[in-house]
Amino acid sequence: MCGIVGYIGEKQAKPILNEGLLRLEYRGYDSAGIATIEKDGIKNIKNKGRVNALFEVNGIDALQGTVGIAHTRWATHGKPCSVNSHPHMDNSKTFAVVHNGIIENYADLRDFLKSRHYEFFSETDTEVIPNLIHYYYNHSDNTTSSTSEKKFLQAVTDACKMLKGSYAIAVLCSDYPDNMIVVRQDSPLVIGKGNKENYISSDIPAILPFTKEFYFLNDKEFALLTKESIMFYDENLQTIQKKIHTITWDSGSVEKDGYPDFMLKEIFEQPKSVKATIGNKFQKSKTMIGDLNLSKAYLSSINKIFIVACGTAMHAGLAGKNLLENLCQIPSEVDVASEFRYRDPIINNQTLCIFISQSGETADTIAALKLAKAKGSKTIAISNVIGSSITREADYTIYTYAGPEIAVASTKAYTSQITLLAILAIYFAEILEIHQDKIEELKTDIQLLPKKIETILKNTSQIENFAKKIHKEKDIFFIGRGIDETVALEGSLKLKEISYIHSEAYPSGELKHGPIALVENGITVVSIMTNRLLLEKSISNVQEVVTRGAKTFIITNQDMNYDFDEVIMIPKTNTLISPILSVIPLQLLAYYIAKEKNLDVDKPRNLAKSVTVE
Ligand code: G6P
């Protein structure tokens, strides 16, 4: 939530920051701002609304500086308006700060500063940061030479020692126009190295067109940037060495590539992303997943697996539970990260915890992982982003290879996550030496998935036409049994997220215990039926709603002789991995409904791609 980007180099900063902000907009988009170092000090321009509105503000064309920071906001403290937008400056206008995160003790810090005659103009938690830096810059018994940029660094580290909460911040100081300082604590930040120029950003895609060389900061690590150098320090100002990582993502992957929206592009990328995630993990002798190396003794000792995640990643976890229980016979539970943390889960060294996060930056998922580790569990992170925070906390990380996912509503990450969970379950089962026959068939089915996804994507007109018919509806139901219910949940979430239509997902058999009271003439019920063994029962449940006047949209891989309104046939596959296919018509249905309603599918209201606050 909130995106920050910065540039220090020889080029004009503004166009680079503009491009970076546009790429970061999926992290928040209620207001934006930019500060650059000009000949006569720091110039700070901000505006309510989307990034494009910022670049229409009078005076923005005058920004010529080659050092700058910028921010796109998802409001937490203080309503979206120009004054509350970042960058925030101290009273003397010496420091400008962009911040992603929440300063939990901001009220105390405000009082501390107010009692020392600092004034506050915004309702934000962030405004304490530049003022606190200013306070230490002028008042601490700073022994560092007053001419060295270390004085600037010392003031920032002193101020950060006072902050409680989460932050990724970038700071400019008009006294040191050739420097920028960044630091992080529980909020994402990456540093991109260029040739006589350097970049900072909340995530890799925002600056991928400019560089592929990245440094990842750990908590409480500071970086002092010039156009030619990047020095790293701990909070005691001891220098530290950091490894540089080369990112292999293609910079074209952050472009729309002729598609009208990132979401549609990402839906159509699924044959590729699933294929890349399978990679060459199925080796002749055994399944290999990165450097995951678990022993038979360890896996045999596990009596419970927790899968913990948020949003769509949690829905992928539901499919993972089925896979792990079915193939490995280990009881598995799926938890929403924000609940898991506070329910005192029973964890010990016989539990294995798997955390799924596309971005690897979701605050609740990371906190849940830290809790599991502290209680003695081994932890595996499943992430799509190399070097993301979660990957640095977990005992083991395994990656999906979906490529950058930009649209707020997750699509290709979900199918890649289930693919990887299926491979993980196979990996465990092989080590445990169970279900060898099932496993071989499943491996073949997994490898056939990319082609089958392509088949579904070849015929979208039926879904598009149905979307046209129902786009004005107020409520839509999604039902399914077994694994199909997990897909119903994801289909319902996609619809809510981008079309703002209220929807509910229910196990088909549970409908008559309440929700059927809401089914009336003309309401749409989407039913997923991919399990041969549950088909008759599922059909009966659909008949129950048809009798009450519902319109039906069926997604199935089974032949059926019933006169339902719309039946989308998808290829057959192993039931355990069927969500990877059955979700695709649901993603498209949500997409076409939102388009029909003329909504911004990539940036739905109030949502952010990466939820870095609790
Ligand atoms: C937000 C996004 C969802 C995503 C969820 C978890 O709610 O809008 O698309 O599924 O966060 O994100 P993660 O990066 O942890 O998978």
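What pairs come up if the first residue lies in segment 590-614 and is touching a residue at least 12 places away in the same chain (Cβ under 8 Å) and open to solvent by 60 Å² or more (accessible area, probe 1.4 Å), the second is of a type in the set (A, V, I, L, M, F, W, C) and within 13 Å of the ligand (Cβ to nearest atom), and their beta carbons are under 6 Å apart, counting only those six or more places apart or on different chains?
From residues that are touching a residue at least 12 places away in the same chain (Cβ under 8 Å) and open to solvent by 60 Å² or more (accessible area, probe 1.4 Å), the pairs are GLU614/ALA363.
Within segment 394-403, identify whether any single residue is out of contact with any strand residue (DSSP E or B) (no Cβ under 9 Å at 6 or more places or on another chain) and either of a type in the set (S, T, N, Q) or open to solvent by less than 30 Å² (accessible area, probe 1.4 Å) (or both), and answer yes or no.
Among the residues of segment 394-403, at least one is out of contact with any strand residue (DSSP E or B) (no Cβ under 9 Å at 6 or more places or on another chain) and either of a type in the set (S, T, N, Q) or open to solvent by less than 30 Å² (accessible area, probe 1.4 Å) (or both), which makes the answer yes.
Which pairs have Cβ atoms under 7 Å, sit 6 or more apart or on different chains, and link a residue in segment 107-133 that is without any contact (Cβ under 8 Å) to a residue 12 or more places away in the chain and under 21 Å from SER31 (Cβ atoms) to one that is open to solvent by less than 50 Å² (accessible area, probe 1.4 Å) and assigned to a loop (DSSP other than H, G, I, E, B)?
PHE120/GLU127
Take segment 509-559 and flag every residue that is under 18 Å from GLY482 (Cα atoms) and among the polar types (S, T, N, Q).
SER527, THR530, ASN531, SER538, SER540, ASN541, THR556, ASN557, GLN558
Condition check: at negative phi, without any contact (Cβ under 8 Å) to a residue 12 or more places away in the chain, surrounded by fewer than 21 Cβ atoms within 10 Å (Cβ to Cβ) and in contact with a strand residue (DSSP E or B) (Cβ under 8 Å, 6 or more places away or on another chain). Does LYS474 satisfy that?
It is false that LYS474 is at negative phi, without any contact (Cβ under 8 Å) to a residue 12 or more places away in the chain, surrounded by fewer than 21 Cβ atoms within 10 Å (Cβ to Cβ) and in contact with a strand residue (DSSP E or B) (Cβ under 8 Å, 6 or more places away or on another chain).
Could you check segment 373-390 and list, in sequence order, the residues that are in contact with a Ser or Thr (Cβ under 7 Å, 6 or more places away or on another chain) and either within 12 Å of the ligand (Cβ to nearest atom) or in a loop (DSSP other than H, G, I, E, B) (or both)?
Within segment 373-390, SER377, ALA381, ILE382, SER383, ASN384, VAL385, SER388, ILE390 qualify.
Name every residue in segment 293-336 that is closer than 18 Å to ASN574 by Cβ, within 16 Å of the ligand (Cβ to nearest atom) and among the aliphatic types (A, V, I, L, M), in order of residue number.
Hits for segment 293-336 are ALA316, LEU318, ALA319.
Residues in segment 456-469 that are open to solvent by less than 90 Å² (accessible area, probe 1.4 Å) and touching an Asp or Glu at 6+ places or on another chain (Cβ under 9 Å): how many?
Of the residues in segment 456-469, 6 are open to solvent by less than 90 Å² (accessible area, probe 1.4 Å) and touching an Asp or Glu at 6+ places or on another chain (Cβ under 9 Å).
Can you tell me which residues in segment 555-565 are more than 30 Å from the chain's Cα centre (by Cα) and either hydrophobic (A, V, I, L, M, F, W, C) or open to solvent by 30 Å² or more (accessible area, probe 1.4 Å) (or both)?
Residues satisfying the conditions are ASP559, MET560, ASN561, TYR562, ASP563, PHE564, ASP565.
Considering ILE418, ILE366, ILE398, which residue is assigned by TED's automatic domain parsing to the domain that holds LYS284, touching a residue at least 60 places away in the same chain (Cβ under 8 Å) and away from the ligand (no atom under 14 Å from the Cβ)?
Testing whether each residue is assigned by TED's automatic domain parsing to the domain that holds LYS284, touching a residue at least 60 places away in the same chain (Cβ under 8 Å) and away from the ligand (no atom under 14 Å from the Cβ) leaves just ILE398.
Can you tell me which residue among ILE516, ILE498, ILE453 is assigned to a helix (DSSP H, G or I) and without any contact (Cβ under 8 Å) to a residue 40 or more places away in the chain?
Sole residue among the options that is assigned to a helix (DSSP H, G or I) and without any contact (Cβ under 8 Å) to a residue 40 or more places away in the chain: ILE516.
Do we find that ILE289 is outside the structural domain of LEU581 (by TED's automatic domain parsing), open to solvent by less than 50 Å² (accessible area, probe 1.4 Å), closer than 24 Å to ILE453 by Cα and away from the ligand (no atom under 16 Å from the Cβ) in this structure?
Answer is yes for this residue.
Collect the residues in segment 566-589 that are in a helix (DSSP H, G or I) and either open to solvent by 30 Å² or more (accessible area, probe 1.4 Å) or without any contact (Cβ under 8 Å) to a residue 24 or more places away in the chain (or both), keeping them in residue-number order.
Of everything in segment 566-589, just one residue is in a helix (DSSP H, G or I) and either open to solvent by 30 Å² or more (accessible area, probe 1.4 Å) or without any contact (Cβ under 8 Å) to a residue 24 or more places away in the chain (or both), namely THR575.
Go over the candidates SER388, SER359 one by one and state the one that is polar (S, T, N, Q) and open to solvent by 10 Å² or more (accessible area, probe 1.4 Å).
Testing whether each residue is polar (S, T, N, Q) and open to solvent by 10 Å² or more (accessible area, probe 1.4 Å) leaves just SER359.
Based on what the data block shows, is GLU497 assigned by TED's automatic domain parsing to the domain that holds LYS468 and in contact with a Pro (Cβ under 6 Å, 6 or more places away or on another chain)?
Against the criterion (assigned by TED's automatic domain parsing to the domain that holds LYS468 and in contact with a Pro (Cβ under 6 Å, 6 or more places away or on another chain)), GLU497 qualifies.
Out of (1) within 16 Å of the ligand (Cβ to nearest atom); (2) open to solvent by 10 Å² or more (accessible area, probe 1.4 Å); (3) among the basic types (Lys, Arg), the odd one out for LYS451 is which?
For LYS451, the failing item is (1).
The rows are residues; the columns are (1) away from the ligand (no atom under 16 Å from the Cβ); (2) open to solvent by 10 Å² or more (accessible area, probe 1.4 Å); (3) within 18 Å of LYS281 (Cβ to Cβ).
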{"residue": "ALA425", "(1), (2), (3)": "yes, no, yes"}
{"residue": "ILE431", "(1), (2), (3)": "yes, yes, yes"}
{"residue": "ASP437", "(1), (2), (3)": "yes, yes, no"}
{"residue": "ILE479", "(1), (2), (3)": "yes, no, no"}
{"residue": "GLU490", "(1), (2), (3)": "no, no, no"}
{"residue": "LEU495", "(1), (2), (3)": "no, no, no"}
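Can you go through SER301, SER332 and tell me which one is in contact with a strand residue (DSSP E or B) (Cβ under 6 Å, 6 or more places away or on another chain), among the small types (Gly, Ala, Ser) and modelled with pLDDT of 95 or more?
Of SER301, SER332, the one residue that is in contact with a strand residue (DSSP E or B) (Cβ under 6 Å, 6 or more places away or on another chain), among the small types (Gly, Ala, Ser) and modelled with pLDDT of 95 or more is SER332.
Given the conditions (1) within 16 Å of the ligand (Cβ to nearest atom); (2) touching a residue at least 24 places away in the same chain (Cβ under 8 Å), report the number of the one that GLU339 does not fulfil.
(2)
Answer yes or no as to whether LEU224 is within 25 Å of ALA155 (Cβ to Cβ), touching a helix residue (DSSP H, G or I) at 6+ places or on another chain (Cβ under 7 Å) and in the same structural domain as GLY41 (by TED's automatic domain parsing).
Spelling it out, LEU224 is indeed within 25 Å of ALA155 (Cβ to Cβ), touching a helix residue (DSSP H, G or I) at 6+ places or on another chain (Cβ under 7 Å) and in the same structural domain as GLY41 (by TED's automatic domain parsing).
The values are calculated or read from the model by the stated rules, or taken from the named source; none is laboratory data. Source: prediction; values computed, not measured. For neighbour counting, all protein chains shown are included, and Cβ atoms are generated from backbone atoms with ideal geometry for every residue, glycine included. Ligands, DNA and RNA are excluded from the accessible area calculation, which covers all protein heavy atoms including side chains. Shrake-Rupley method; radii C 1.70, N 1.55, O 1.52, S 1.80 Å.
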